[in-house]
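Asker: So that we are looking at the same thing, I have put the structure below in structure tokens.
The values are calculated or read from the model by the stated rules, or taken from the named source; none is laboratory data. Given the structure is predicted, the values throughout are model-derived calculations rather than measurements. Please note: Cβ atoms are built from the backbone with ideal geometry, for glycine as well, and neighbour counts cover all protein chains shown.
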Amino acid sequence: MDHQTFIDSVAQRAGVSRDVAETLARVTLEVLADRITGGEARDLLAQLPKPLKDEVLIKSEEAEAFDVPEFVRRVAARAHVDEQTAHDGAVATLVTVREAVTPGEFDDITSQLPQEYRELVGPMP
């Protein structure tokens with residue numbers, strides 16, 4: 001999936017402008033990178049469009065444990081949007097990620113997340 005298609009998908013799913021979708025996608029991936037191990041974050045980014053892969057910073061090798069409400073709060077704070085927009089943007093981004101990467105890679109990501117994250121990513125294995 002190319003960058004434009006990825007961002008257009010996020011924008012449409014979240015009901016936001018393309019500019020807001022760009023920010024939400026980047027920030028959601030940054031927060032996800034905080035929540036999973038550094039190695040898994042790098043594996044994920046390797047399968048995403050180049051601008052996203054270049055913009056997302058991996059801050060730690062260790063996964064940081066936090067729940068879905070905190071995930072959404074972090075997206076909202078970093079993207080400078082309200083929590084509903086952050087939630088919708090996170091769901092839109094993660095659904096688009098599921099379509100953009102191999103099924104095995106998406107399974108690797110979801111295996112590092114508690115079941116409560118299914119509200120953001122859909123049913124998990």
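Asker: Please work out which residue is surrounded by the fewest Cβ atoms within 10 Å (Cβ to Cβ), limiting yourself to the range 9-27 and to residues that are more than 12 Å from GLU55 (Cβ to Cβ) and either modelled with pLDDT under 95 or within 15 Å of the chain's Cα centre (by Cα) (or both).
Answerer: Applying the first criterion (more than 12 Å from GLU55 (Cβ to Cβ)) to the range 9-27 yields 9-21, 24.
Right, trim to either modelled with pLDDT under 95 or within 15 Å of the chain's Cα centre (by Cα) (or both) and you get 9-11, 13-14, 20-21, 24.
Details: SER9: 20, VAL10: 28, ALA11: 21, ARG13: 17, ALA14: 25, VAL20: 19, ALA21: 24, LEU24: 27.
Only one residue tops the list, namely ARG13.
Asker: Then there is this: For LEU113, all conditions in the list (1) modelled with pLDDT under 95; (2) closer than 19 Å to PHE6 by Cβ; (3) under 13 Å from the mean Cα position of the chain (by Cα) hold save one; what is the number of the exception?
Answerer: Condition not satisfied by LEU113: (2).
Asker: Which members of the range 13-27 meet the condition of being part of a helix (DSSP H, G or I) and free of Cβ contacts under 8 Å to residues at least 40 places away in the same chain?
Answerer: Correct list: ARG18, ASP19, GLU22, ARG26.
Asker: Going through the range 71-125 one residue at a time, which ones are assigned to a helix (DSSP H, G or I) and polar (S, T, N, Q)?
Answerer: Across the range 71-125, the qualifying residues are GLN84, THR85, THR93, THR96, THR110, GLN115.
Asker: Within the range 99-121, which residues are touching a Ser or Thr at 6+ places or on another chain (Cβ under 9 Å), surrounded by fewer than 17 Cβ atoms within 10 Å (Cβ to Cβ) and free of Cβ contacts under 8 Å to residues at least 60 places away in the same chain?
Answerer: Passing the criteria: only ARG118.
Asker: Among the residues of the range 58-75, are any within 24 Å of GLN12 (Cα to Cα), small (Gly, Ala, Ser) and free of Cβ contacts under 8 Å to residues at least 60 places away in the same chain?
Answerer: Taking every residue of the range 58-75 in turn, none turns out to be within 24 Å of GLN12 (Cα to Cα), small (Gly, Ala, Ser) and free of Cβ contacts under 8 Å to residues at least 60 places away in the same chain.
Asker: Next question, about the same structure. Name the residues in the range 28-57 that are without any contact (Cβ under 8 Å) to a residue 60 or more places away in the chain, part of a helix (DSSP H, G or I) and of a type in the set (A, V, I, L, M, F, W, C), would you?
Answerer: VAL31, ALA33, ALA41, LEU45, ALA46, LEU52
Asker: A further question on this structure: For the range 28-62, which residues satisfy the criterion of being exposed (fewer than 14 other Cβ atoms within 10 Å of the Cβ) and not hydroxyl-bearing (Ser, Thr, Tyr)?
Answerer: Across the range 28-62, the qualifying residues are GLY39, ALA46, LYS50, ASP54, LEU57, LYS59, GLU61, GLU62.
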